[in-house]
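Engineer: One structure, as structure tokens, below. Some questions next.
The values are calculated or read from the model by the stated rules, or taken from the named source; none is laboratory data. Everything numeric here is computed off the predicted structure, so don't read it as measured data. Cβ atoms come from the backbone with ideal geometry, glycine included; neighbour counts cover every protein chain shown. Protein only, heavy atoms only, side chains kept; ligands, DNA and RNA dropped before computing areas. Shrake-Rupley method; radii C 1.70, N 1.55, O 1.52, S 1.80 Å.
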Amino acid sequence: MIRFLARHRHLITGIVVVGLIILFVYMAIKTKDLKIGTYNNKTYSGIAFGTAIKKTIFAEEDEVCDKVDYDIDKILKSVDEKLSYREHGSEIDILNNSYAAGGIYTLSPDILMYLQKEMDIYKETKGAFSPCILPLSKLWGIEDGEARVPKESEIEAVLEHTNADNIVVTDEGMTFNDVNMAIDFGAVGKGIAADEVLSELSKSSVKGAVISVGGTIATYGVKGSDTMWHIGIQDPRAEDGNVFAVLDVNGGTVISTSGDYEKYFEVDGKRYHHIFDPGTGYPADNGVISVTIATNNGFLSDALSTACFVMGVDKGLEYAEIKGVDAIIVTSDKNVYITKDLRKRLHIKNTEYKLVK
Ligand code: ADP
Ligand code: MG
């Protein structure tokens, strides 16, 4: 046998080499077939909803990426204009400035539907989430470049007009049972836009996409052989772009983060931010500094990131579990609280942050 091998060693070496080449070519073809690695993709950045946006679109042809980028921009602009109370002449602007207390005010069906959903969340959260917080946020002026701590008497006066019990929404329209009320979709606008973007992507030939609009990120499809998306969660106490953890999600998930670091000012070392507790009239002050919600519905994800921020760790986690969404709540002592399903899918990268089990 040994003599046989020795005599035919050149032949055997040849067979092995040819075998290896065939195997290599086969693997290469197979790899191409399975598209191991990532698909062709293009990245775009811009501005929408007054914040930075970034889109990475995976498709076979660059032209498809460009077309979808254009279509998404159109959607973001139209949702922003439609829902913005700042947009002069928008339905919400007209509503806020011309309703008469007590009368039924007709609105377009989608706005009415979103208002109904907001009212459901208002009731479920026992008022932590309020669709009519606007007079209060205007008083604080954080988003208008006129930030100041109002007097107690001013807050009390405004709180009279931010009680959503005075809103009645039916299929016919809405009624304000109080003058001086106003609607603001600030807490849900980006989530609604994410839903519309996902619906547009599903009509296209795009294979995968990740679209971020400020603190709201929508994932779609797959980017290649790795079928999960790995989404970085902003470190609430570091410069923009630094992540403290990575969350694995499937395509079709919307991940929204609300934080006390987004829009705030400080007086005597105290931070006043843009997420208000409708009960007190002050920025929510319960130790929470960031809430991330991940689920397959952008509206819910965005609404609950704001709502759970106000509710605090215990009630926030409980509500997230009831609604069946993933939640990551960070407190000022850098403790991280999560809903049960997240244990295997959240990877903390910054060791200053501690997962509370
Ligand atoms: P961002 O707009 O920075 O992404 P959020 O989704 O948390 O963050 O929304 C914050 C906005 O929601 C505020 O700017 C304000 O317009 C509105 N808001 C603040 N507090 C509440 C609240 N308790 N309920 C509903 N909306 C709120
Ligand atoms: Mg929100």
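Engineer: Just checking, which of S305, S290, S258 is part of a helix (DSSP H, G or I) and either within 16 Å of ligand 2 (Cβ to nearest atom) or more than 21 Å from the chain's Cα centre (by Cα) (or both)?
Structural biologist: Working: S290 fails: part of a helix (DSSP H, G or I); S258 fails: part of a helix (DSSP H, G or I).
On inspection, the qualifying residue turns out to be S305.
Engineer: Which pairs turn up if I take residues in the range 186-207 that are at pLDDT 95 or above and look for partners that are among the acidic types (D, E) and open to solvent by less than 50 Å² (accessible area, probe 1.4 Å) with beta carbon separation below 6 Å, at least 6 apart in sequence or on another chain?
Structural biologist: V188/D302; K190/D302; G191/D302; E200/D71
Engineer: Would you say S332 is open to solvent by less than 70 Å² (accessible area, probe 1.4 Å), touching an Asp or Glu at 6+ places or on another chain (Cβ under 9 Å), outside the structural domain of L139 (by TED's automatic domain parsing) and closer than 26 Å to G141 by Cβ? Let's see the steps before the verdict.
Structural biologist: Details: open to solvent by less than 70 Å² (accessible area, probe 1.4 Å): no; touching an Asp or Glu at 6+ places or on another chain (Cβ under 9 Å): yes; outside the structural domain of L139 (by TED's automatic domain parsing): yes; closer than 26 Å to G141 by Cβ: yes.
It is false that S332 is open to solvent by less than 70 Å² (accessible area, probe 1.4 Å), touching an Asp or Glu at 6+ places or on another chain (Cβ under 9 Å), outside the structural domain of L139 (by TED's automatic domain parsing) and closer than 26 Å to G141 by Cβ.
Engineer: May I pose another question? Can you name every residue in the range 52-89 that is touching a helix residue (DSSP H, G or I) at 6+ places or on another chain (Cβ under 8 Å) and either open to solvent by 40 Å² or more (accessible area, probe 1.4 Å) or under 26 Å from M113 (Cα atoms) (or both)?
Structural biologist: D71, I72, I75, L76, V79, D80, K82, L83, S84, Y85, R86, E87
Engineer: Moving to a separate point now. If you take the residues in the range 107-130 that are within 14 Å of ligand 2 (Cβ to nearest atom) and assigned to a loop (DSSP other than H, G, I, E, B), which one is farthest from A187 (Cα to Cα)?
Structural biologist: Once the filter is applied, the top-ranked residue is T125.
Per-residue answers, yes or no, for (1) out of contact with any Ser or Thr (no Cβ under 9 Å at 6 or more places or on another chain); (2) open to solvent by 20 Å² or more (accessible area, probe 1.4 Å); (3) within 17 Å of A303 (Cα to Cα):
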{"site": "I155", "(1), (2), (3)": "no, no, no"}
{"site": "E160", "(1), (2), (3)": "yes, yes, no"}
{"site": "E172", "(1), (2), (3)": "no, yes, no"}
{"site": "N177", "(1), (2), (3)": "yes, yes, no"}
{"site": "S205", "(1), (2), (3)": "yes, yes, no"}
{"site": "G215", "(1), (2), (3)": "no, yes, yes"}
{"site": "G224", "(1), (2), (3)": "no, no, no"}
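Engineer: Moving on. Filter the range 32-51 for residues that are of a type in the set (A, V, I, L, M, F, W, C) and under 17 Å from the mean Cα position of the chain (by Cα); which is surrounded by the fewest Cβ atoms within 10 Å (Cβ to Cβ)? If you could, list the steps in order and put the result at the bottom.
Structural biologist: Within the range 32-51, the subset of a type in the set (A, V, I, L, M, F, W, C) is 34, 36, 47-49.
Filter once more, keeping what is under 17 Å from the mean Cα position of the chain (by Cα): 47-49.
On the way: I47: 12, A48: 18, F49: 19.
Checked the range 32-51; the qualifying residue surrounded by the fewest Cβ atoms within 10 Å (Cβ to Cβ) is I47.
Engineer: Also, quick follow-up: Which of the residues that make up the range 117-143 are farther than 16 Å from M181 by Cα, open to solvent by less than 60 Å² (accessible area, probe 1.4 Å) and not hydrophobic (A, V, I, L, M, F, W, C)?
Structural biologist: Across the range 117-143, the qualifying residues are T125, G141.
Engineer: So, one more: Report the residue count in the range 179-203 for those that are open to solvent by 30 Å² or more (accessible area, probe 1.4 Å), in contact with a helix residue (DSSP H, G or I) (Cβ under 7 Å, 6 or more places away or on another chain), of a type outside the set (D, E) and over 19 Å from A307 (Cα atoms).
Structural biologist: 1
Engineer: Just to check your reading of the model, which residue among D285, D314 is more than 10 Å from ligand 1 (Cβ to nearest atom), assigned to a helix (DSSP H, G or I), modelled with pLDDT of 95 or more and not aromatic (F, W, Y)? Show your work before the answer.
Structural biologist: On the way: D285 fails: assigned to a helix (DSSP H, G or I).
Answer to the selection: D314.
Engineer: Could you tell me whether the range 105-114 includes any residue that is open to solvent by 60 Å² or more (accessible area, probe 1.4 Å), over 22 Å from the mean Cα position of the chain (by Cα) and outside the structural domain of R271 (by TED's automatic domain parsing)? Even if it seems obvious, please write down each step before you answer.
Structural biologist: Residues of the range 105-114 that are open to solvent by 60 Å² or more (accessible area, probe 1.4 Å), as a first pass: 106, 109, 113.
After this cut, where a residue has to be over 22 Å from the mean Cα position of the chain (by Cα) as well, the list is 106, 109.
With the extra rule that they be outside the structural domain of R271 (by TED's automatic domain parsing), the set shrinks to 106, 109.
Yes - at least one qualifying residue is present in the range 105-114.
Engineer: What number of residues within the range 161-210 are assigned to a strand (DSSP E or B) and either basic (K, R) or within 30 Å of W229 (Cβ to Cβ) (or both)? Can you show your working first?
Structural biologist: Quick first cut of the range 161-210, residues assigned to a strand (DSSP E or B) only: 167-169, 174-176, 208-210.
Next, only the ones that are either basic (K, R) or within 30 Å of W229 (Cβ to Cβ) (or both) stay: 208-210.
Residues flagged as assigned to a strand (DSSP E or B) and either basic (K, R) or within 30 Å of W229 (Cβ to Cβ) (or both) within the range 161-210 amount to 3.
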